[in-house]
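This report concerns only the one structure given below.
The values are calculated or read from the model by the stated rules, or taken from the named source; none is laboratory data. Just so it is clear, the model here is predicted, and its values are computed rather than measured. Quick reminder, even Gly has a Cβ in these numbers, built from the backbone with ideal geometry, and neighbours come from all protein chains shown.
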Amino acid sequence: MFNDNIRRIVVEGPIGVGKTTLARKLAERLDCRADLEQPENNPFLEKFYRSMDCHALPTQLHFLFQRCEKQNRDRSGGAGERVVSDYMLEKDRLFAQLTLTADEFDLYDKVYRQLDPDLSPPDLVVYLQAPMHDLVDRVRHRRADWDYHLENDYLEKVDQAYATFFHNYRAAPLLIVNTGSVNTVENPRDFDMLLEYMGQIETGRHYFNPLGAL
């Protein structure tokens, strides 16, 4: 029985870790709405991956506006419904700090403060991790052409930024899942065990380990 108090679930993690795929599966199984990012709608993203220094600011501002608009739409309707998302707004500043120059971040920060996004914590965050070689392989095998312009050092910086962020994260119950040791996408048993584990979480920090080490 899934905890009925868990109404807003966020699946997060670095590029290529599989957060969107898992979010879709969770929404389907829980029969609820999937709130998914649409990076393909960002007209600057491909340019950013081809030349990060030149296109970081417009790429980040577009994502910021996109995320805040989605948040405002959600606020105006659907109160109390269960939702599974593949992003959290805090990631926006995480990427901004990673990619922008000091002057660009100052401008970004002014826009961010004017928008005043709602940072109310979700009921549960599922943080997906994976070994770096897995992330690189997954990104390389994506179909979108711009993925091939992602450098390994950028993927490593993103991965480390996520690790640091969630090491200090205390705003909501947190479940950490290493996708290098389980396959919740293709293995139904792993997915069922994950869902059962998630449904029992109420507070604190947890680690999904199907082998029962915890």
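Out of the residues in the stretch 1-22 meeting the condition of being surrounded by 17 or more Cβ atoms within 10 Å (Cβ to Cβ) and over 20 Å from Val158 (Cα atoms), tell me which one is farthest from the chain's Cα centre (by Cα).
Among those residues, the one meeting the criterion is Ile6.
Say whether the condition of being assigned to a helix (DSSP H, G or I) and surrounded by 12 or more Cβ atoms within 10 Å (Cβ to Cβ) is met by at least one residue in the stretch 77-89. If you could, list the steps in order and put the result at the bottom.
Keep residues of the stretch 77-89 that are assigned to a helix (DSSP H, G or I), which gives none.
No, there is no match, as no residue in the stretch 77-89 is assigned to a helix (DSSP H, G or I) and surrounded by 12 or more Cβ atoms within 10 Å (Cβ to Cβ).
Please tell me if Gln71 is of a type in the set (S, T, N, Q) and surrounded by fewer than 19 Cβ atoms within 10 Å (Cβ to Cβ).
Numbers: of a type in the set (S, T, N, Q): yes; surrounded by fewer than 19 Cβ atoms within 10 Å (Cβ to Cβ): yes.
It is true that Gln71 is of a type in the set (S, T, N, Q) and surrounded by fewer than 19 Cβ atoms within 10 Å (Cβ to Cβ).
What are the pairs, 6+ residues apart or on separate chains, where a residue within the stretch 45-61 that is over 16 Å from Tyr108 (Cα atoms) has its Cβ under 7 Å from a residue that is of a type in the set (A, V, I, L, M) and surrounded by fewer than 17 Cβ atoms within 10 Å (Cβ to Cβ)?
Short answer, once both residue conditions are applied: none.
Scan Asn72, Asn42 and give me the residue that is of a type in the set (S, T, N, Q) and under 17 Å from the mean Cα position of the chain (by Cα). I'd like the intermediate steps shown before the answer.
Working: Asn72 fails: under 17 Å from the mean Cα position of the chain (by Cα).
Going through Asn72, Asn42 in turn, just one is of a type in the set (S, T, N, Q) and under 17 Å from the mean Cα position of the chain (by Cα): Asn42.
Matching residues to (1) within 21 Å of Ala171 (Cβ to Cβ); (2) modelled with pLDDT under 95:
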| position | (1), (2) |
| --- | --- |
| Gly13 | yes, no |
| Phe48 | no, yes |
| Lys70 | yes, yes |
| Gly77 | no, yes |
| Arg82 | yes, yes |
| Glu90 | yes, yes |
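Would you mention how many residues in the stretch 23-40 are outside any helix (DSSP H, G or I), charged (D, E, K, R) and surrounded by 17 or more Cβ atoms within 10 Å (Cβ to Cβ)? Lay out the reasoning, then the answer.
Step one: list which residues in the stretch 23-40 are outside any helix (DSSP H, G or I), which gives 31-38.
Those still in the list that are charged (D, E, K, R) too: 31, 33, 35, 37.
Those left that are additionally surrounded by 17 or more Cβ atoms within 10 Å (Cβ to Cβ): 35, 37.
Adding up the residues that qualify gives 2.
Mind checking which pairs have a first residue in the stretch 188-206 that is surrounded by 11 or more Cβ atoms within 10 Å (Cβ to Cβ) and a second that is among the β-branched types (Val, Ile, Thr), Cβ under 6 Å, 6 or more apart or different chains?
Asp190/Val182; Asp190/Thr184; Phe191/Thr184; Leu194/Thr184
Which ones in the stretch 156-194 are modelled with pLDDT under 95 and under 11 Å from Val126 (Cα atoms)?
The one that is modelled with pLDDT under 95 and under 11 Å from Val126 (Cα atoms): Asn178.
Across the stretch 110-150, what is the total count of residues that are among the β-branched types (Val, Ile, Thr) and modelled with pLDDT under 90? Please lay out each step first, then the result.
Within the stretch 110-150, the subset among the β-branched types (Val, Ile, Thr) is 111, 125-126, 136, 139.
Filter again for modelled with pLDDT under 90, leaving 136, 139.
Total meeting the criteria: 2.
Residues Gln97, Gln66: which one is in contact (Cβ under 8 Å) with a residue 12 or more places away in the chain, touching a Phe, Trp or Tyr at 6+ places or on another chain (Cβ under 7 Å) and of a type in the set (S, T, N, Q)? Talk me through it step by step, then tell me what you get.
Details: Gln66 fails: touching a Phe, Trp or Tyr at 6+ places or on another chain (Cβ under 7 Å).
Step by step, each of Gln97, Gln66 is checked, and only Gln97 is in contact (Cβ under 8 Å) with a residue 12 or more places away in the chain, touching a Phe, Trp or Tyr at 6+ places or on another chain (Cβ under 7 Å) and of a type in the set (S, T, N, Q).
Of the residues Glu202, Glu196, which is under 18 Å from Asn5 (Cβ atoms), assigned to a loop (DSSP other than H, G, I, E, B) and charged (D, E, K, R)? Break it down into steps so the answer makes sense when it comes.
Numbers: Glu196 fails: assigned to a loop (DSSP other than H, G, I, E, B).
After ruling out the rest, the residue left standing is Glu202.
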